[in-house]
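Notes follow once the structure below has been shown.
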Amino acid sequence: MALDSFHSIIFTHRNLSVDDIGSLHISEDVQKDRLNEIKQRFALPELMFLSTCNRVEFQLCTNEEVNHTYLSDFFRTLYPQLTEEQLSNFLHSSEIFSGIEAVKHLLRVASSIDSMVVGEREIITQVRNAYELSKANGLTGDFIRLLVKHTIETAKQVYTETNIAKKPVSVVSLAYHRLKQMNIPLDARILIIGAGVTNTNMSRFLKKHGFRNFVVFNRTLAKAQALAQDLNGRAFPLTELASFNEGFDVIITCTGSESHIISPELYESLLQGETDKKVVIDIAIPQDLAPEIKNKHKVTHISVHLLQEISNENLKERSKEIEHVEVILAEKIEEFKQLHKLRTVELAMREVPQKVKDIKTTALNQVFKNDLDALDGESKEILEKVINYMEKKYMSMPMLMAKEILLKTN
C-alpha cells in the first residue's frame, strides 16, 4: 500500500459541538455491517473507525482523491439520515490529511497533543480499542496494522519520556490528590450527595484507591441505590439527609440545585456534635455548601473553582511539554517512513521463498531426476547439502539487496 494512499477524515471539538460529533457515532453492534458496506461500496482496501466523546475519525486507504465530492458521496452513503443542511455542515467542518500528514495526525492524537485536554492518557486506549474492533470486523489490513502498532509505541514513549501527562487536570483526579495530601484514612465516613456522572466517577475513583465507607443520597433513590451497590455502601433518598445521625468525615456533593443544598442548619445536624475538622468536596455549580458554613465551622472546602484553577495551571505545565513531544514525533515519523519502505519490500518479496522451493522441486524431480538416480548415497547426501545451502542464500540475498536498493533510492 503506497503511503500516499492513506487518508484521515476528521471531525473534532475544534470545529463541531459535542452533540454534532455524537450524531456521527456508530454503535459497536452495527459497525461491522455499516462499515463493511462502505468498504465494499468504495472499494477500500483498509478502513478504521475511531469515535470518542469529542472526535470521530475515519482512517482509510484508497487511490481515489479524497475531496469534497468524495466526502459527499461517502457520507450520504454512511449517514443516509442526515439532512442536506447537516451534510453541508459536516463537509465544511471536516479536516482531511493524506499520506505522511495523516500518519503524523494519528501519532499526535495518540500522544494526546491533539486532544481537548492535553495529556489525557485514555486516548491511547481508545485508539487501540478502535483498531482492535475494526480488525475484528474485517476492516483493516497490513498498513493500518503497522501504523497503529507504531502509533501505540510512539505514544508510550511520549508518556514515558515527557511530563505531558504527569500533572492531573481532571476534577476527579485533582480532588483525590487533595484528599491524599490531607492523609484522610481509608475508613473515613464519606457522604455522597448526588449520584450524577461527576459524583459517580469521583466515588468509584475513591473506592479504587481503597476508601470503603460510603453513604449515597440522591433525589432519585434508584440512582442512589445503583451507585451504592457499586461502592458496597448504603443508599437513601435526599429527603432523608436531614435525619442522618451517623456523622461524617468527608462530604462529596454535586447536585443540580439552584440553591445551596447544605444549609447551616443541615450542616449542624450532620455534624452530630462533632467538632473535628471536616472536608467538603463541592463540585457543584453553583456551590452546594452555604458560604457561611466555612466561617462558622472547621471545614476544608474544596470547590470546583479551586480545582479549575489548579487544572488550568497544570494544563500550562503540560503545554510546556508539547515542544518536547513534537521532537519525539518528528523522529518517529521518519522511523515510520523507513518501516513502511521495508514492509513494502517484504510484501513484494514474500513469494521468493516459495518460488525457490518450486525451482528446487522441479530440478530434483524432473530436470535432473535420472542423473540423481544414478548417484550413490554419499554423493546424493553431499549434493543435498549444497542445494539446501544455496536455497537459503537465494531466499535471503534478494530480500537484502532489494531493501538496500530501496533505502538508497528513497
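The values are calculated or read from the model by the stated rules, or taken from the named source; none is laboratory data. Note that the coordinates shown come from a computational prediction; the quantities given were computed from them, not determined experimentally. Positions of Cβ are generated from backbone atoms using ideal geometry, with glycine treated the same way; all protein chains shown enter the neighbour counts.
Condition check ((1) surrounded by fewer than 17 Cβ atoms within 10 Å (Cβ to Cβ); (2) of a type in the set (A, V, I, L, M); (3) in contact with a strand residue (DSSP E or B) (Cβ under 6 Å, 6 or more places away or on another chain)) across all residues:
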site: 81; (1), (2), (3): yes, no, no
site: 86; (1), (2), (3): yes, no, no
site: 97; (1), (2), (3): no, no, yes
site: 102; (1), (2), (3): no, yes, yes
site: 110; (1), (2), (3): no, yes, no
site: 114; (1), (2), (3): no, no, no
site: 123; (1), (2), (3): no, yes, no
site: 127; (1), (2), (3): no, yes, no
site: 130; (1), (2), (3): no, yes, yes
Problem - Residue that is surrounded by the fewest Cβ atoms within 10 Å (Cβ to Cβ), among those in segment 37-48 that are out of contact with any Lys or Arg (no Cβ under 9 Å at 6 or more places or on another chain) and not in a helix (DSSP H, G or I) - result: 43
Handout entry: Positions within segment 16-36 being assigned to a helix (DSSP H, G or I) and in contact (Cβ under 8 Å) with a residue 40 or more places away in the chain, in sequence order
Key = 20, 28, 31, 32, 34, 35, 36
Handout entry: Long-range neighbours under 9 Å by Cβ, at least six apart or interchain, first residue assigned by TED's automatic domain parsing to the domain that holds residue 15 within segment 96-110, second assigned to a helix (DSSP H, G or I) and acidic (Asp, Glu)
Key = 98/4; 99/4; 100/4; 108/326
Practice task
Would you please list the contacts, defined by Cβ atoms under 8 Å and residues six or more apart or on different chains, that run from a residue in segment 149-172 that is closer than 22 Å to residue 336 by Cα to a residue that is aromatic (Phe, Trp, Tyr)?
Solution key: 150/336
Fill in the blank from the handout: Being out of contact with any helix residue (DSSP H, G or I) (no Cβ under 8 Å at 6 or more places or on another chain), closer than 27 Å to residue 173 by Cα and surrounded by 13 or more Cβ atoms within 10 Å (Cβ to Cβ) narrows 229, 225 down to just 225
Exercise for the section: Within segment 251-283, track down each residue that is in a loop (DSSP other than H, G, I, E, B), in contact with a His (Cβ under 9 Å, 6 or more places away or on another chain) and of a type in the set (A, V, I, L, M, F, W, C). Expected result: none
Handout entry: Search result, residues across segment 296-355 that are β-branched (Val, Ile, Thr) and part of a helix (DSSP H, G or I)
Key = 304, 310, 322, 325, 327, 328, 333, 344, 345, 352
Problem - Matching residues, segment 1-36, being more than 15 Å from residue 79 (Cα to Cα), small (Gly, Ala, Ser) and surrounded by 13 or more Cβ atoms within 10 Å (Cβ to Cβ) - result: 5, 8
Exercise for the section: Mind listing whichever residues of segment 295-305 are free of Cβ contacts under 8 Å to residues at least 60 places away in the same chain and surrounded by 15 or more Cβ atoms within 10 Å (Cβ to Cβ)? Expected result: 297, 299, 301, 303
Fill in the blank from the handout: Scanning segment 271-287 for residues that are under 42 Å from the mean Cα position of the chain (by Cα) and over 19 Å from residue 182 (Cα atoms), the one surrounded by the fewest Cβ atoms within 10 Å (Cβ to Cβ) turns out to be 286
Exercise for the section: Go through segment 141-167 and give me each residue that's out of contact with any Cys (no Cβ under 9 Å at 6 or more places or on another chain) and closer than 27 Å to residue 27 by Cα. Expected result: 142, 145, 146, 147, 148, 149, 150, 151, 152, 155
Problem - Residues being among the charged types (D, E, K, R) and either within 11 Å of residue 230 (Cβ to Cβ) or touching a helix residue (DSSP H, G or I) at 6+ places or on another chain (Cβ under 9 Å) (or both) - total across segment 186-207 - result: 2
Exercise for the section: Go through segment 247-270 and count every residue that is charged (D, E, K, R), under 42 Å from the mean Cα position of the chain (by Cα) and either within 21 Å of residue 176 (Cβ to Cβ) or at pLDDT 95 or above (or both). Expected result: 1
